[in-house]
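Here is the structure we will look at, set down as structure tokens.
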Amino acid sequence: MSTEEIDQTIQKLCGNLKPVCCTNPLRRALLWILLVVTYTSAVAMTIGLRENIVEAMNRGDYIFELLLAFGTGITASLMTFWLSTPDCERYKGFFAVPLTLLSVQLVWMLDRLFFEGMGSIRENWLSHCWINTALHTTLPAIAVIILVRKGATVMPCALASFAVLAVSEFGWIGMRLVCPNDNVGEAYFLNFLPYVVIGIFAGFAAKKLFRW
């Protein structure tokens, strides 16, 4: 193959790609984590903490849920920004950490659902918690999209999945701090499941949204 043919092949493969600056994924991940923790705390304080927050903090199951969500959110955040670099293959072994934590969370919720039932999910389906949910997630979602698009991922669908998981977990923490509903049907399915639905739609747009 001649030099001219090689140049033409490169042009066909990469002609539409735009150059991007080198990024430090860990630095961007820490920046986003700092932003989302500060924002979640500020929104929770602005809305007002749940009336029985002191009682809830003395319950082992409540603390376990918050710590589990925090761990899942942190690891999903790191995975999101590591996947924003072209050499993200070396981080694939870390997939198991947030996915394992998510699996533990789902098993925990299903176990509670078995014993507690769905509660008053129909009556509270259009409650004020939906507004609070939007407040907790809008800015973090915009921030992660802006920061991730500065990279150059080769795994856009996986990146989008972990980004949604990260935003969802921190949003879930925010809702647990302000929403008084402890029944798993009301708390988990009303305040967490919407993020999953949004994530499914985001997954379809991932390749276009995070392309180079």
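If we count other beta carbons within 10 Å of each Cβ, what is the order of T80, T138, T9, T85, fewest first?
Lowest to highest Cβ neighbour count: T9, T138, T85, T80.
Among V54, V144, which comes first, second and so on when ranked by fewest other beta-carbon atoms within 10 Å? Intermediate results must be reported in sequence, preceding the final value.
On the way: V54 9, V144 26.
In order of increasing Cβ crowding within 10 Å: V54, V144.
Grab the Cα-Cα distance for A134 and S103, subtract it from 0.36 nm times how many residues apart they are, and report the gain in nm with one decimal. The partial results should precede the final answer.
Values: separation 31, 0.36 × 31 = 11.16 nm, distance 2.48 nm.
In short, 8.7 nm is gained.
What is the local net charge at V178, summed over the other residues whose Cβ is closer than 13 Å to its Cβ (Lys, Arg +1; Asp, Glu -1)?
Working: positive: R50, R176; negative: E51, D182.
Taking every other residue near V178 into account, the sum is 0.
Could you list the residues of region 46-88 with an amide nitrogen less than 15 Å from a label point located 7 Å from the Cα of V37 in the Cα-to-C-beta direction?
Counting backbone N atoms under 15 Å from the label point, the list is 67-78.
Bear in mind that the values in this text are calculations on the coordinates, not laboratory data. Remember, it's a predicted structure, so these values are computed and weren't measured experimentally. FYI the Cβ positions are ideal-geometry reconstructions off the backbone, even for glycines, and counts take in every protein chain you see.
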